[in-house]
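Contents: one structure, followed by commentary.
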Amino acid sequence: GQQVMQIPQYQHVQEGEDFTTYCNSSTTLSNIQWYKQRPGGHPVFLIQLVKSGEVKKQKRLTFQFGEAKKNSSLHITATQTTDVGTYFCAGLKAGGTSYGKLTFGQGTILTVHP
Amino acid sequence: NAGVTQTPKFQVLKTGQSMTLQCAQDMNHEYMSWYRQDPGMGLRLIHYSVGAGITDQGEVPNGYNVSRSTTEDFPLRLLSAAPSQTSVYFCASRGQGLVPQYFGPGTRLLVL
């Protein structure tokens, strides 16, 4: 079945350092979504990428979707303590139905030391 | 809109007890799903539904039942609770197409 691998599992950074998490799918995706889960909270949708090679930015966050639509990355510039949490990627398998199961990566837990 | 709501927020059960975790959404979403989250394990799909009357198994369905009699509600039943079912449970919903998924606040379950 479809698998989405996400690395690293954990990342500890000093405030002000950059952070990147990577997502790799075993199959071509229709889309890639990114979610953030604050400690003790629930996952919250951040953004969706659909086009091959697409790049989107949200303030200090940059999201990329690979040319082959099988990988993605989230990069945070100059981390802040408010960035702490778990970041998940998720995607729908290309060619499947729009009701297909959204497959999640295992998540990257980010801690930021002030 | 309330979005996705879950009850209860916390629950303690004894081994062998049964219970139902409630989930409701008011966004008229056809797709609903249940996940469990354990430390270091990410989000694992238990069951999902693509519409009223239609349910299917996810990757960890054993010990859980679901039903979908209405678009709004998607309860998760634990038939005979086991300590291995201690976890945080999230319900989620989304509409058709390439759209965001919305999560409920979660239910923290402890099975003794």
Only one of (1) more than 14 Å from chain B (Cβ to nearest Cβ); (2) in contact with a Leu (Cβ under 8 Å, 6 or more places away or on another chain) is not met by residue A:66, so which one is it?
-> (2)
Within the stretch A:1-33, the residues that are part of a strand (DSSP E or B), farther than 21 Å from residue A:65 by Cβ and within 12 Å of chain B (Cβ to nearest Cβ) are A:10
Of all residues making up the stretch B:67-100, the number that are at pLDDT 95 or above and either in contact with a Lys or Arg (Cβ under 6 Å, 6 or more places away or on another chain) or of a type in the set (Val, Ile, Thr) (or both) | 7
So which pairs qualify, if the first residue must be in the stretch B:98-112 and more than 7 Å from chain A (Cβ to nearest Cβ) and touching a residue at least 40 places away in the same chain (Cβ under 8 Å), the second must be assigned to a loop (DSSP other than H, G, I, E, B) and hydroxyl-bearing (Ser, Thr, Tyr), the Cβ gap must be under 7 Å, and the two must be at least 6 apart or on different chains?
-> B:109/B:86; B:110/B:86; B:111/B:15; B:111/B:86; B:112/B:15
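Output the residue which, of all residues in the stretch B:31-55 that are more than 10 Å from chain A (Cβ to nearest Cβ) and in a strand (DSSP E or B), is farthest from residue B:94 (Cα to Cα).
Only one residue tops the list, namely B:38.
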Which condition number does residue B:63 fail, the rest of (1) surrounded by 19 or more Cβ atoms within 10 Å (Cβ to Cβ); (2) away from every other protein chain (no Cβ under 13 Å) being met?
-> (1)
Could you tell me which residue of the stretch B:38-66 is modelled with the lowest pLDDT, considering only residues that are in contact with a Gly (Cβ under 8 Å, 6 or more places away or on another chain) and not aliphatic (A, V, I, L, M)?
-> B:42
A careful count of residues in the stretch B:76-112 that are assigned to a helix (DSSP H, G or I) and more than 19 Å from residue A:42 (Cα to Cα) gives 2
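The values are calculated or read from the model by the stated rules, or taken from the named source; none is laboratory data. Given the structure is predicted, the values throughout are model-derived calculations rather than measurements. Heads up, the Cβs are rebuilt from the backbone with ideal geometry, glycines too, and the neighbour counts pull from every protein chain shown.
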